[in-house]
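Student: Please see the structure below; I have some questions.
Here, each number is a calculation from the coordinates, and none is a lab measurement. Here the structure is a predicted model, which is why all the values come from computation and not from measurement. Here Cβ is always computed from backbone atoms with ideal geometry, including for glycine, and neighbour counts include all displayed protein chains.
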């Protein structure tokens, strides 16, 4: 990564996944555990297939929307945007608003 490849937090939201939809309907503790495990593996696999190890930091998986937060460069965000499984890849605007002292609405 060059000096112009500063890492920032991005949110990645995934395309429709029938397995996620099915697992999300199970409201038991076991169902919640299975959904967490499924999404964590799915998100980790997407990152591993598309980005070099050690060049990104996954922050968390977002169970309610089938997405995750990851610290990556602009270039890596573009790589993920081209991944078939990714629906949306967007920079965390909340931090940008706080930095610019504009506030987010």
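Student: Based on the Cβ-Cβ distance from residue 87 to residue 30, what FRET efficiency comes out when R0 is 30 Å, to the nearest 0.05?
Tutor: Approximately 0.60, to the nearest 0.05.
Student: Sticking with this structure for a sec: Could you please tell me the mean projected area of the C-alpha convex hull for segment 8-99, averaged over all directions and given in square nanometres to one decimal?
Tutor: Directional mean of the projected Cα hull area for segment 8-99 stands at 6.3 nm².
Student: Multiply the residue separation of residue 79 and residue 22 by 0.36 nm, subtract the distance between their alpha-carbon atoms, and state the gained length in nm to one decimal.
Tutor: Length difference between fully extended and current span is 17.7 nm.
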